[in-house]
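For reference, the structure discussed in these notes is given below.
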Amino acid sequence: RAQENNIKVELRSVSSDELKYFVQIERGLVVVLVDKRYLQCTLCNRSTQLISNSLMRLSPGFLGHYVLICGYNSSTDSYLIKDPATNRNSCVVRARILENARKAFGTDEDVLYLGKISKQR
């Protein structure tokens with residue numbers, strides 16, 4: 001059914017470089033499944049970080065959570081994301097932190113890319 005609607009579905013791993021390319025060059029939006037326990041915003045205050053650290057201790061298993069990646073800044077190696085679990089308009093997450101959160105056990109590395117992929121790739 002997806003193919004009938006021109007929607008491409010692939011079962012594979014998406015590399016960090018590929019994710020950056022989708023967001024920065026293709027200007028697409030990307031929805032990723034992360035383990036919320038590993039996600040840390042560089043803009044959020046210390047109390048938010050403490051809550052995240054508490055989740056790590058209190059929840060020994062996977063804490064699944066979807067976020068929307070809206071942009072990538074290569075000079076800081078950080079992503080701009082929309083996190084529905086925060087009251088912030090947007091959050092900034094370092095690329096290595098997002099990689100750990102999206103590749104954590106339980107995520108299956110789910111990635112939904114919203115946009116048109118150019119044929120130059």
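Quick check: anything in segment 13-21 among the aromatic types (Phe, Trp, Tyr), modelled with pLDDT of 85 or more and open to solvent by less than 20 Å² (accessible area, probe 1.4 Å)? Looking through segment 13-21, none of the residues is among the aromatic types (Phe, Trp, Tyr), modelled with pLDDT of 85 or more and open to solvent by less than 20 Å² (accessible area, probe 1.4 Å).
Tell me whether segment 6-16 contains one or more residues that are closer than 17 Å to Ser78 by Cβ and in a loop (DSSP other than H, G, I, E, B). Within segment 6-16, none of the residues are closer than 17 Å to Ser78 by Cβ and in a loop (DSSP other than H, G, I, E, B). Please determine, by comparing only the residues of segment 100-118 that are closer than 16 Å to Val23 by Cβ and not in a loop (DSSP other than H, G, I, E, B), which one is modelled with the lowest pLDDT. The selected residue is Leu114. Scanning segment 86-98 for residues that are more than 17 Å from Gly28 (Cβ to Cβ) and surrounded by 13 or more Cβ atoms within 10 Å (Cβ to Cβ) yields Thr86, Arg88, Cys91, Val92, Val93, Arg94, Ile97.
Here Gly71 fulfils each of the conditions (1) closer than 19 Å to Thr107 by Cα; (2) among the small types (Gly, Ala, Ser); (3) modelled with pLDDT of 80 or more apart from (1).
The values are calculated or read from the model by the stated rules, or taken from the named source; none is laboratory data. Bear in mind that the values here come from a model prediction, so they are computed numbers and not experimental data. Heads up, the Cβs are rebuilt from the backbone with ideal geometry, glycines too, and the neighbour counts pull from every protein chain shown. Accessible surface areas use protein heavy atoms only, side chains included; no ligands, DNA or RNA. Shrake-Rupley method; radii C 1.70, N 1.55, O 1.52, S 1.80 Å.
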